[in-house]
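Since the structure comes first, as structure tokens, the remarks are kept for the end.
The values are calculated or read from the model by the stated rules, or taken from the named source; none is laboratory data. Note that this is a predicted model, so its numbers are computed, not measured. Heads up, the Cβs are rebuilt from the backbone with ideal geometry, glycines too, and the neighbour counts pull from every protein chain shown.
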Amino acid sequence: MVRGKEFIDKVKELKREKGALILAHYYVDGLIQDVADFVGDSLELARKAKEAEAEIIVFCGVYFMAETAKILNPDSKVLIPYYKAGCLMADMAIVEEIKEFKEKNPEYAVVTYVNSSADVKAVSDICCTSANAVKIISSLKEDKVLFVPDRNLGSFVSEKVKDKEIKLWNGYCPVHEKLSLEQAERVKRENKGAPFVVHPECNKEVREIADFVGSTSQIVKFVKEVKAEKVIVGTERGTIHHLKKLRPDIEFIPAYPEFTCDQMKMITPERVLRALEREVFEVQVPQEISQRARRAIERMLERS
């Protein structure tokens, strides 16, 4: 098992040899974040993937994220260290049901969270991320919106955008949904005065007692500037690795002990090393789906 400095040195050597770029989400293992060329949330990673000129992109995140990278940068070979790293929330939206809704309700714009498969993006009008969802939906000419697939992010947007009718798909992130009001109140009592920051994928009753609600990148920005000895973090605990590097003077407390995405943790250092050495597993998106999904993603990037 290759870990620590040996892992970092070996990955750097392979990156030089193969002209590879490593993109990593905040939720993956801290060692992978340390060796990545860029660490970010979904919006930041989409932008980086589009701009990348590398021969190989190793995408350290779940599969839909690697699909997005391939859609935006079809000329690069995109590898994912573990091709079964999925997303239960993304699986809660299926193409056939969205198509049926659109046929019956043509007056609705279909706005799809990037936490979705390529084929779902392909039947959407525009994509969004948690960082730009309010801005994207506010910019639409349509008065009615179907928001797919996350009901929690969708309800957060509907609180901010009062002039549109927003219908919510019944999907959710099990990791964020697991944070209950009871647990949130308990951790706040145990850490009196500590700012409580949460991701909008948390449910409404939890968001209502938070001091700050935002995407992962927005939480990072908040923490950079906050004056506090402790911060309670209401998102996947892999983010804390990055926050500690930014603010070693702050104690970061996960909102519940097991605030972990098991699928993101399938991307291990050993698998990253294997992906570089053997150039596995390559991500492919059928051209027709890629072209239609790219339109929805590009519309998002243009309006962001």
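Among the residues in the range 251-259, are any in contact with a Phe, Trp or Tyr (Cβ under 9 Å, 6 or more places away or on another chain) and closer than 22 Å to Glu159 by Cβ? So that I can check it myself, show each step before the final result.
So the first thing to find is which residues in the range 251-259 are in contact with a Phe, Trp or Tyr (Cβ under 9 Å, 6 or more places away or on another chain), and the list is 255.
Filter once more, keeping what is closer than 22 Å to Glu159 by Cβ: 255.
Yes, some residue in the range 251-259 is in contact with a Phe, Trp or Tyr (Cβ under 9 Å, 6 or more places away or on another chain) and closer than 22 Å to Glu159 by Cβ.
Residues in the range 263-279: is at least one assigned to a helix (DSSP H, G or I), in the same structural domain as Lys18 (by TED's automatic domain parsing), among the β-branched types (Val, Ile, Thr) and touching a residue at least 24 places away in the same chain (Cβ under 8 Å)?
yes
Name the residue, out of Glu229, Glu279, Glu258, that is on the phi > 0 side of the Ramachandran plot and modelled with pLDDT of 95 or more.
Details: Glu229 fails: on the phi > 0 side of the Ramachandran plot; Glu258 fails: on the phi > 0 side of the Ramachandran plot.
Testing whether each residue is on the phi > 0 side of the Ramachandran plot and modelled with pLDDT of 95 or more leaves just Glu279.
Residues that are in contact with a Ser or Thr (Cβ under 9 Å, 6 or more places away or on another chain) and surrounded by fewer than 20 Cβ atoms within 10 Å (Cβ to Cβ): list the helices (runs of 4 or more DSSP H) wholly contained in the range 130-223 that include at least 2 such residues. Walk me through how you get there before you give the answer.
Details: elements: 133-139, 151-160, 174-177, 181-190, 204-207.
Those helices (runs of 4 or more DSSP H) span 204-207.
Considering only residues that are assigned to a loop (DSSP other than H, G, I, E, B) and exposed (fewer than 15 other Cβ atoms within 10 Å of the Cβ), which ones fall in the range 227-249? Steps first, please.
So in the range 227-249, the residues assigned to a loop (DSSP other than H, G, I, E, B) come out as 227-229, 235-238, 247-249.
Once the filter is applied, which keeps residues that are assigned to a loop (DSSP other than H, G, I, E, B) and exposed (fewer than 15 other Cβ atoms within 10 Å of the Cβ), the range 227-249 yields Lys227, Glu229, Pro248, Asp249.
Return the pairs, sorted by first residue and then second, in which the second residue is assigned to a helix (DSSP H, G or I) and among the charged types (D, E, K, R), the first residue lies in the range 11-32 and is closer than 19 Å to Ser215 by Cα, the beta carbons are less than 6 Å apart, and the residues are 6+ apart or on different chains.
From residues that are closer than 19 Å to Ser215 by Cα, the pairs are Leu23/Lys48.
Confirm whether Val223 is touching a helix residue (DSSP H, G or I) at 6+ places or on another chain (Cβ under 7 Å), outside the structural domain of Val110 (by TED's automatic domain parsing) and modelled with pLDDT of 95 or more.
Numbers: touching a helix residue (DSSP H, G or I) at 6+ places or on another chain (Cβ under 7 Å): yes; outside the structural domain of Val110 (by TED's automatic domain parsing): yes; modelled with pLDDT of 95 or more: yes.
It is true that Val223 is touching a helix residue (DSSP H, G or I) at 6+ places or on another chain (Cβ under 7 Å), outside the structural domain of Val110 (by TED's automatic domain parsing) and modelled with pLDDT of 95 or more.
When the residues of the range 75-114 are narrowed to those that are part of a loop (DSSP other than H, G, I, E, B) and touching a Ser or Thr at 6+ places or on another chain (Cβ under 7 Å), which ends up nearest to Glu53 (Cα to Cα)? Break it down into steps so the answer makes sense when it comes.
Looking only at the range 75-114, we keep the residues that are part of a loop (DSSP other than H, G, I, E, B), and these are 75-76, 80-87, 92-94, 105-107, 114.
Subsequent filtering for residues that are touching a Ser or Thr at 6+ places or on another chain (Cβ under 7 Å) retains 93, 114.
Working: Ala93: 32, Val114: 22 Å.
The qualifying residue nearest to Glu53 (Cα to Cα) is Val114.
Give the residues of the range 280-301 that are exposed (fewer than 15 other Cβ atoms within 10 Å of the Cβ) and closer than 22 Å to Lys18 by Cβ, sorted by residue number.
Hits for the range 280-301 are Val280, Glu282, Gln284.
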